[in-house]
Amino acid sequence: MDLELKDKVAVVTGASKGIGLAVTEALGREGARVVVGSRTESPELTALRERYDIVFVSVDLAEPHGAGRLVQAAADRHGRIDVLVNNLGVTKPRTSFVDIDDAEWQRVFDLTFFSAVRASRAALPHLIADGGGAIVNISSINARLPFPMVVDYSAAKAALSNLTKALSEEFAPRGVRVNAVAPGPVRTPFWTAPGGFADSVAADAGTTAQEALDEIVPQQMGISTGRISEPQEVADLAVFLASGRAGNITGAEFVIDGGQIKTT
Ligand SMILES: NC(=O)c1ccc[n+]([C@@H]2O[C@H](COP(=O)([O-])OP(=O)(O)OC[C@H]3O[C@@H](n4cnc5c(N)ncnc54)[C@H](OP(=O)(O)O)[C@@H]3O)[C@@H](O)[C@H]2O)c1
């Protein structure tokens, strides 16, 4: 299927690893011109830049002007923007709601929610001026299934899913589609980095991080397929939504969780 993304200009936030990296690769493979932002450039991203039309912008998206700077870099470089993927989102395992102070709430909201607010606000005038386009927000099943272990992140993702709908309503008449992807657990550094969620589950279960991800997490979370998702699977869905083939899909949220959410 031709996704009609050749030569389209796409901006991806938080793209040096994990899902953002996979989205960048999928867009690059489709022939899009991709401008990506994160604080550091990973070896995997450097390798992708050698194969595809990808520009890396070193940016801290916690800073109020970071997202605007990334979007402007794309517009300056290519003279247009067609796609924005708001991928950035962060959290860490929490012991209790009462232990999270204001600064931590603010940090999680800045990175998980306000980075998308700011990037969307900066990109929308370009998307509209260039004949319409698409925003894809990487939300989470935690937007509708809040876990105490990630209470702040769950609230920020709920806000992002809500924003998705509001933006889709306002900007559909001007040719901009806004959708969200809501993954369950995905095998990325979010889980696998030292001190991440796999280590936390492994410590509780008295096992290794690998076994925690392959067996304990799917069991404990009731994932019907028996496995967590791979970054490429999330990227494929996001890139389809970004493409003209999804031309009449807007204001929708697509869950990719192996059947973890049991309600209709
Ligand atoms: N993995 C999961 O199980 C899962 C499930 C549901 C939803 N999601 C969502 O999917 C999205 C991607 O998650 P992931 O698992 O791929 O994340 P990840 O592996 O932790 O990667 C995070 C990315 O964000 C960048 N980043 C972090 N802080 C940044 C900052 N201050 N400024 C700019 N970039 C920053 C990192 O690069 P640098 O460190 O170089 O800056 C990295 O490229 C997030 O929105 C997450 O909430 C993930």
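FYI, it's all coordinate maths here, none of it is from the lab. Model, not experiment: these values are computed from the prediction. FYI the Cβ positions are ideal-geometry reconstructions off the backbone, even for glycines, and counts take in every protein chain you see.
In table form, for the structure just shown:
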item	result
For the chain, the longest site-free run once trypsin sites (Lys or Arg not before Pro) in DSSP loop states with at most 12 other Cβ atoms within 10 Å are removed	40-261
Estimated FRET transfer efficiency (residue 204, residue 227; beta-carbon r; R0 22 Å; 0.05)	0.65
GluC sites (Glu not before Pro) within region 152-219, DSSP loop, no more than 16 other Cβ atoms inside 10 Å	none
Sorted by Cβ neighbour density within 10 Å, fewest at the top, the residues 213, 167	213, 167
Reachable lysines, given that their alpha-carbon falls under 19 Å from the alpha-carbon of residue 92 and they are not under 8 places away in the same chain	17, 157
Projected area averaged over orientations for the chain, convex hull of C-alpha atoms, nm²	13.6
Karplus 3J(HN,Hα) series, Hz, for region 26-41 with 6.51 cos²θ - 1.76 cosθ + 1.60 (x for Gly, Pro)	5, 5, x, 4, 7, x, 6, 9, 10, 10, 10, x, 7, 6, 10, 9
FRET efficiency, 1/(1 + (r/R0)^6) with R0 35 Å, evaluated for residue 263 and residue 193 via beta carbons	0.65
Charge sum, other residues only, whose C-beta stays under 10 Å from residue 134's C-beta, Lys/Arg counted +1 and Asp/Glu -1	+1
Positive minus negative residues near residue 260 (Lys, Arg vs Asp, Glu; Cβ under 12 Å)	+2
Residue-span extension gain [residue 95 to residue 211] - 0.36 nm each, minus C-alpha spacing	39.5 nm
Length released on extending from residue 128 to residue 44, taking residue separation times 0.36 nm less the Cα-Cα span	27.0 nm
GluC sites (Glu not before Pro) lying in DSSP loop within region 33-140, provided at most 16 other Cβ fall within 10 Å	41
Sorted by Cβ neighbour density within 10 Å, fewest at the top, the residues 46, 91, 264	264, 46, 91
Solution diffusion estimate, µm²/s, Stokes-Einstein, region 29-97, Kirkwood Rh from C-alpha pairs, 25 °C, viscosity 0.890 mPa s	180
Kirkwood Rh in Å, taken over region 187-228 so that all alpha-carbon pairs contribute	9.9
Cα long-axis angle, helix 66-78 against the chain (0 to 90 degrees, to the nearest 10)	40
0 to 90° range, to nearest 10: angle between helix 231-242 axis and the chain longest Cα axis	30
Relative contact order (%) - the chain, alpha-carbon pairs under 8 angstrom, separation at least six	20
Rg to Rh quotient for region 49-154, alpha carbon positions, Kirkwood Rh	1.05
Order of 128, 216, 81 - criterion: other Cβ atoms within 10 Å of each residue's Cβ, fewest first	128, 216, 81
